[in-house]
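Here is the structure we will look at.
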Amino acid sequence: MGQNLILNMNDHKFTVVAFNRTVSKVEQFLANEAKGTNIIGATSLEDMVSKLKKPRRVMLLVKAGQAVDAFIEKLVPLLEKGDIIIDGGNSEYRDTNRRCKELAAKNLLYVGSGVSGGEDGARYGPSLMPGGAGEAWPFIKDIFQSISAKSNGEPCCDWVGPEGAGHFVKMVHNGIEYGDMQLICESYHLMKDILGLSQDEMAQVFDDWNKGDLDSFLIEITRDIMKFKDSDGKYLLEKIRDTAGQKGTGKWTAIASLEYGVPVTLIGEAVFSRCLSALQAERVHASSQLKGPDALKFKGDKKQFIDNIRQALYASKIVSYAQGFMLMRETAKELGWKLNFGGIALMWRGGCIIRSRFLGNIKQAFEKNPDLSNLLLDDFFKAEIQKSQAAWRNVVSTAVLHGIPTPAFSTALAFFDGYRSARLPANLLQAQRDYFGAHTYELLDKPGEFIHTNWTGHGGNVSSSTYSA
Ligand code: 6PG
């Protein structure tokens with residue numbers, strides 16, 4: 001990633017000093033990939049800092065966590081007032097909040113930037129989400145916007161906000177990435193196990209989907225994965241162990257949603273699905289113990305069901321992005337950040353892993369109404385989800401009857417039904433809380449007044465104090 005970003009900066013006529021703790025890696029880089037470029041090598045941090053123009057702009061691409069703090073600790077004594085440190089890794093946003101404060105106290109400017117798009121993105125145009133010390137932006141804007149991906153000529157990079165806002169937005173991007181991937185995996189599962197499609201047939205389906213509303217990088221690579229054959233001529237996909245890995249950004253998104261009380265259910269299910277997949281030995285044992293429904297033969301129209309899956313995926317995706325933006329809105333409110341949601345959609349429109357045509361529609365929705373409270377209430381998305389509803393319900397119910405798990409499709413539909421309900425059964429929940437714990441409830445016609453009822457006649461009339469978590 002680091003090397004590719006350097007090469008990308010060099011392509012855009014910026015002179016970059018490359019450094020790696022393992023100095024031989026710098027030498028190799030200069031002798032190979034960077035040969036004939038203007039890239040300068042450094043043999044130590046001191047050497048690197050001495051070769052930089054002021055204010056110095058130092059970008060770190062190291063593993064999130066302790067390694068970032070360790071590098072900062074070594075760098076700080078070498079820097080001067082107004083110099084800039086940029087962390088381009090997937091750091092946890094609260095770490096970035098802390099580092100911003102610590103470095104501001106030392107008169108240094110700290111930037112935490114989301115960088116998305118993998119190695120190819122870094123080389124030819126990533127999506128960049130910088131946030132932190134705003135005074136740093138004029139000094140890095142030109143570099144960042146030049147090397148970033150472009151969407152209709154506009155850079156997929158803009159200043160996100162203060163403190164860890166850039167890393168927070170990148171974290172939500174990754175959570176949404178988990179959701180998109182899970183939805184695609186569920187579509188694959190349904191096509192494979194209910195419809196019995198071959199990989200070639202599925203490749204064709206993903207290819208078709210990629211020409212419409214679902215046009216995106218993740219659908220495109222899924223098509224190519226379906227077609228990919230190993231050296232023995234057999235499909236590679238079938239040989240891959242079904243246990244998903246994860247580095248933590250999806251989990252952090254789910255944790256943040258619990259912390260801020262935002263029902264980001266789809267990303268949560270996507271993370272749990274990875275956890276369930278990782279219990280492979282247990283699942284293999286359980287598969288011989290727990291029987292599902294008797295094998296059903298699919299009797300409907302295959303072509304029509306494939307299109308229903310497409311619509312279920314599209315509707316669930318709308319819910320997932322609506323939830324992701326709900327989380328960003330609530331967090332921004334809590335932390336006093338001003339986020340530009342249309343700008344965030346533009347940053348994700350190109351270069352990053354979730355890049356898609358769909359993000360162009362999200363950008364338009366927030367441009368039309370920057371105060372849009374929920375994506376589901378935008379006219380375009382409202383109409384789209386209404387159109388897909390019958391197909392979506394058919395897919396979820398068919399999956400349930402066939403015993404195929406579709407946690408992301410199902411939770412999206414449950415959220416949709418909950419969100420559009422003027423009345424939910426939480427009245428009973430409040431009654432239960434008050435019954436066993438005197439936790440009090442409000443009456444519909446007396447909001448703000450907390451009442452306790454002595455439900456049993458022997459529970460007493462003393463209520464517990466109210467507080468909300
Ligand atoms: C990106 C990706 C990247 C992330 C990988 C792996 O935007 O380029 O989000 O930052 O590290 O997707 O993530 P997991 O290992 O958690 O799946």
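The values are calculated or read from the model by the stated rules, or taken from the named source; none is laboratory data. All figures in this text were calculated on a predicted structure; none of them were measured in a lab. Cβ placement follows ideal geometry from the backbone for every residue including glycine, while neighbour counts extend to all protein chains displayed. Ligands, DNA and RNA are stripped out before the accessible areas are found, and what is left, the full protein with its side chains, is counted by its heavy atoms. Shrake-Rupley method; radii C 1.70, N 1.55, O 1.52, S 1.80 Å.
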Hey, what's the stretch 4-162 come to in accessible area per residue, 1.4 Å probe, Å²?
47
Test of the criteria: in the stretch 290-386, which trypsin sites (Lys or Arg not before Pro) are in a DSSP loop and have at most 16 other Cβ atoms within 10 angstrom of their Cβ?
Lys291, Lys297, Lys299, Lys338, Arg357
Measuring from label point to label point, each 7 Å out along Cα→Cβ, what is the Lys446 to Ile221 span in nm?
5.8
Compute the orientation-averaged projected area for the chain from the convex hull of its Cα atoms and round it to one decimal in nm².
28.9
Over the chain, what is the relative contact order in whole percent, taking alpha-carbon pairs under 8 Å and six or more residues apart?
13
Could you tell me the distance between the Cα centroids of the stretch 44-73 and the stretch 199-247, to the nearest Å?
39
Taking the Cα centre of the chain as the origin, how large is its charge dipole in debye, to the nearest 20, when only Lys and Arg (+1) and Asp and Glu (-1) carry charge on their Cβ atoms?
400
Dipole of the chain, positive direction: furthest Cα of Val17, Gly114, Leu218, with charges on the beta-carbon:
Val17
For the stretch 1-118, give the percent of accessible area contributed by carbon and sulfur heavy atoms, probe 1.4 Å, rounded to a whole number.
50
Any idea of the accessible area per residue across the stretch 328-392, 1.4 Å probe, to the nearest Å²?
44
Using 7 Å Cα-to-Cβ label points, what is the Lys234/Lys74 separation (nm, one decimal)?
4.6
Leaving out ligands, DNA and RNA, what percent of the accessible area of the stretch 124-268 is carbon and sulfur, probe 1.4 Å?
53
Using alpha-carbon pairs under 8 Å, 6+ residues apart, how would you state the relative contact order of the stretch 1-69 in percent?
30
Whole Å is fine, so just give me how far the alpha carbon centre of the stretch 157-188 lies from that of the stretch 375-407.
22
Extension length gain for Ala278 and Lys106 (0.36 nm per residue less Cα distance), in nm, is 57.5 nm
In deg cm²/dmol, rounded to the nearest 500, the helical mean residue ellipticity at 222 nm of the chain, built from -39500 (n - 2.57) for every DSSP H run of length 4 or more, is -17000 deg cm²/dmol
Is there a pair in Lys192/Lys229; Lys170/Lys338; Lys170/Lys211 whose C-alpha atoms are over 20 Å apart, and which pairs would that be?
Lys170/Lys211
Given pairs Lys81/Lys141; Lys247/Lys291; Lys333/Lys363 and cut-off 24 Å on Cα-Cα distance, the over-length ones are Lys247/Lys291
Report in % the part of the accessible area of the stretch 422-469 that belongs to carbon and sulfur, leaving out ligands and nucleic acids; probe 1.4 Å.
58
Given a 1.4 Å probe, how much area per residue of the stretch 224-302 is accessible, in Å²?
71
When only Cα pairs under 8 Å and 6 or more residues apart are kept, what is the percent relative contact order across the stretch 348-469?
10
When 1/r is averaged over all different Cα pairs and the result inverted, which Kirkwood radius in Å belongs to the stretch 90-216?
16.8
Viscosity 1.306 mPa s, 10 °C: Kirkwood-radius Stokes-Einstein D of the stretch 265-370 over Cα pairs, µm²/s
91
Taking Cα centroids, how far is the stretch 308-353 from the stretch 252-307 in Å?
22
